[in-house]
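Chemist: The structure's right below; bear with me while I get my questions together.
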């Protein structure tokens with residue numbers, strides 16, 4: 001599946017981070033499988049109409065986090081899904097995400113049943129895990 | 001007075017080292033009568049970079065570029081372009097420079113083919129494939145009269161004329177002026193295409209900050225002839241922050257905040273835009289109430305940085321920043 005990345009300018013999030021986040025997401029969602037080649041820095045820069053150094057920076061951050069793997073002379077490849085976070089980090093992030101959903105819902109008087117139904121529905125709309 | 005100048009040694013192993021400069025400007029100053037258009041401007045543009053020159057109308061961008069191209073002499077100071085003094089650029093240097101003047105000037109009585117032929121006679125190197133492919137890109141017919149072209153088409157022709165000699169250094173003075181979104185995209189594509197070869201340098205001025213954000217490695221911000229920033233886009237955005245201060249009762253006194261650029265007050269909130277540094281952090285900590293930090297994109301950061309303070313800003317007399325700009 002083609003890598004679809006949209007760049008939004010005028011955004012407080014720097015462009016390199018937008019690129020890194022969207023590649024990370026594509027790997028987490030299974031749109032890029034482990035070992036899939038990523039476009040070259042130059043090719044992605046020309047496709048997205050952004051400075052090649054920006055793409056290089058996004059790739060280098062992703063490699064540092066282990067999301068993608070750099071192979072000398074061959075380019076960049078998608079890494080394993082979920083090797084991204086340690087168990088504690090995963091727990092921390094999940095707790096944070098749940099806290100945010102629950103507190104927002106309570107503030108808007110969404111009932112517990114409603115909330116659970118919505119979460120189930122949302123889960124179904126995502127592709128099943130590949131593992 | 002320059003707020004942020006960041007080191008140019010970008011340590012990225014995948015890219016060629018950028019230690020040499022294509023352009024070096026030293027204390028450049030130019031007066032028109034008693035008006036100072038460029039004031040003590042010093043700037044280095046590393047080889048291989050795409051460098052955006054930003055500033056409001058009348059900030060001194062075009063004057064700087066015209067001096068660099070040897071079309072105007074500085075009142076004081078100097079500049080070197082491709083290692084030559086800009087006041088005595090020999091033809092060998094000029095043929096390595098592609099200069100697109102502001103406003104896309106062309107000889108209207110020539111056909112596009114004649115324009116190409118005329119321009120090519122000034123250069124030993126002329127890549128007619130590039131010339132034709134850019135004309136095609138802009139859907140231009142070589143038999144057409146240059147004078148009958150629309151503004152965007154004229155920009156396409158000028159771009160083709162500028163890029164065909166495959167210049168090492170490209171100097172574009174507001175190339176996007178008057179272009180529609182599609183033509184602007186073609187312009188950005190051309191700029192990225194040019195830098196496919198190593199050590200090609202582009203200096204461009206623009207008001208379209210979304211384009212600048214996309215392609216520039218570094219930016220320089222000039223305000224009233226004075227260089228006010230020289231750094232990567234992100235550094236610039238990182239240093240300009242908006243803070244929303246929520247308070248109860250009387251409004252806290254923010255007039256003494258260091259680096260205050262802009263502020264807006266409502267009933268229970270004051271939003272201030274400031275240059276973020278340690279002094280500011282210390283000052284913010286002393287303010288009562290809840291403070292929320294809001295990051296800004298390039299456009300908002302730029303407008304706050306060089307915009308005039310209009311009706312929306314109050315009580316900005318005697319701030320440190322204002323003294324600094326005078």
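Bear in mind these aren't lab numbers, they're just calculated from the coordinates by the rules spelled out. Since the structure is predicted, the reported quantities are computational estimates derived from the model, not experimental observations. Cβ: placed from backbone, ideal geometry, glycine included. Neighbour counts: every protein chain shown.
Chemist: Which of the peptides A:95-101, B:130-136, B:263-269, B:214-220 is most tightly packed, and how do the rest follow, judged by the mean count of other Cβ atoms within 10 Å per residue? Don't skip to the end; give the middle numbers.
Modeler: Working: A:95-101: 10.7, B:130-136: 19.0, B:263-269: 13.6, B:214-220: 24.7.
Final packing ranking: B:214-220, B:130-136, B:263-269, A:95-101.
Chemist: Now for a different question. Sorted by packing (mean other beta-carbon atoms within 10 Å per residue), highest first, where do B:75-88, B:144-157 land? Please report the intermediate quantities before stating the final value.
Modeler: Details: B:75-88: 16.2, B:144-157: 18.3.
Descending packing order for the listed peptides: B:144-157, B:75-88.
Chemist: I'd like the orientation of helix B:151-163 relative to chain B: the angle between its Cα long axis and the longest Cα principal axis, in ° from 0 to 90, rounded to 10.
Modeler: 70
Chemist: I need to check one value: relative contact order of region B:151-272, counting alpha carbon pairs closer than 8 Å and at least 6 residues apart, in percent.
Modeler: Values: 110 pairs, mean separation 21.3, N = 122.
Across region B:151-272, relative contact order equals 17 percent.
Chemist: If you average the alpha carbon positions of region B:107-144 and of region B:147-203, how far apart do those two centres end up, in angstrom?
Modeler: 13
Chemist: Could you order peptides B:45-57, B:284-296, A:3-15 by the average number of other Cβ atoms within 10 Å of their residues, highest first? Numbers along the way, then the final one.
Modeler: Details: B:45-57: 21.9, B:284-296: 13.8, A:3-15: 15.5.
Most protected by this proxy first, the peptides run B:45-57, A:3-15, B:284-296.
Chemist: Hey, got the average number of other protein chain Cβ atoms within 10 angstrom for residues in A:6-18? List each step's numbers first, then the result.
Modeler: Numbers: counts 0, 3, 3, 10, 9, 9, 11, 3, 9, 5, 1, 1, 0.
Counting Cβ atoms of other protein chains within 10 Å of each residue's Cβ and averaging gives 5.
Chemist: Right, next: For region B:157-223, calculate the relative contact order in percent as a whole number, restricting contacts to Cα pairs under 8 Å that are 6 or more residues apart. Display every interim value, and only then the final one.
Modeler: On the way: 45 pairs, mean separation 27.5, N = 67.
Relative contact order comes out at 41 percent.
Chemist: Per-residue mean of other chain beta-carbon atoms within 10 angstrom of the beta-carbon, peptide B:233-246? Walk me through the numbers before you get to the answer.
Modeler: Working: counts 4, 6, 0, 0, 4, 2, 0, 0, 1, 1, 0, 0, 0, 0.
Whole-number average of other-chain Cβ neighbours for B:233-246 is 1.
Chemist: Which residue fluctuates the most in chain B, going by a Gaussian network model with Cα springs under 10 Å, if the choices are B:170, B:68, B:112?
Modeler: Result: B:112 has the largest fluctuation of those listed.
Chemist: Now for a separate question. Could you work out the relative contact order of region A:1-104, using alpha carbon pairs under 8 angstrom and six or more residues apart, expressed as a whole percent? Mind showing how you got there, number by number?
Modeler: On the way: 108 pairs, mean separation 26.6, N = 104.
Answer for region A:1-104 is 26 percent.
Chemist: In whole Å, what is the distance between the alpha-carbon centres of region B:223-242 and region A:27-92?
Modeler: Taking the Cα centre of region A:27-92 as reference, the centre of region B:223-242 is 30 Å away.
Chemist: When averaged across all projection directions, what area in nm² does the alpha-carbon convex hull of region B:182-296 cover?
Modeler: Numbers: hull surface 39.2 nm².
Quarter of the Cα hull surface area: 9.8 nm².
Chemist: A follow-up question, please. From the alpha carbon gyration tensor of region B:242-282, can you work out the equivalent ellipsoid semi-axes (sqrt of 5 times each eigenvalue) and give them in Å, largest to smallest?
Modeler: Values for region B:242-282, descending: 18, 10, 8 Å.
Chemist: Any idea what angle helix A:87-107 forms with the longest principal axis of chain A, computed on alpha-carbon atoms, 0 to 90 degrees, nearest 10?
Modeler: 50
Chemist: Given axes a ≥ b ≥ c from the Cα gyration tensor, I'd like to know whether chain B is rounded (a/c under 1.5), prolate (a/b larger than b/c) or oblate.
Modeler: Working: a/c = 2.23, a/b = 1.96, b/c = 1.14.
Since a/c reaches 1.5 and a/b is larger than b/c, the shape of chain B is classed as prolate.
Chemist: In terms of the Cα gyration tensor, with a ≥ b ≥ c the square roots of its eigenvalues, is region B:123-176 rounded because a/c is under 1.5, prolate because a/b exceeds b/c, or oblate?
Modeler: Working: a/c = 2.15, a/b = 1.30, b/c = 1.65.
In terms of gyration-tensor shape, oblate.
Chemist: For chain B, take the longest principal axis of its alpha carbons; what is the angle in degrees between that and the long axis of helix B:181-194, to the nearest 10 within 0 to 90?
Modeler: 70
Chemist: Compute the Cα gyration tensor for the protein assembly as shown, then decide on rounded, prolate or oblate, letting a ≥ b ≥ c be the square roots of its eigenvalues: rounded whenever a/c is under 1.5, prolate when a/b is larger than b/c in the other cases, and oblate in all that remain.
Modeler: Working: a/c = 2.09, a/b = 1.29, b/c = 1.62.
Here the protein assembly as shown falls in the oblate category.
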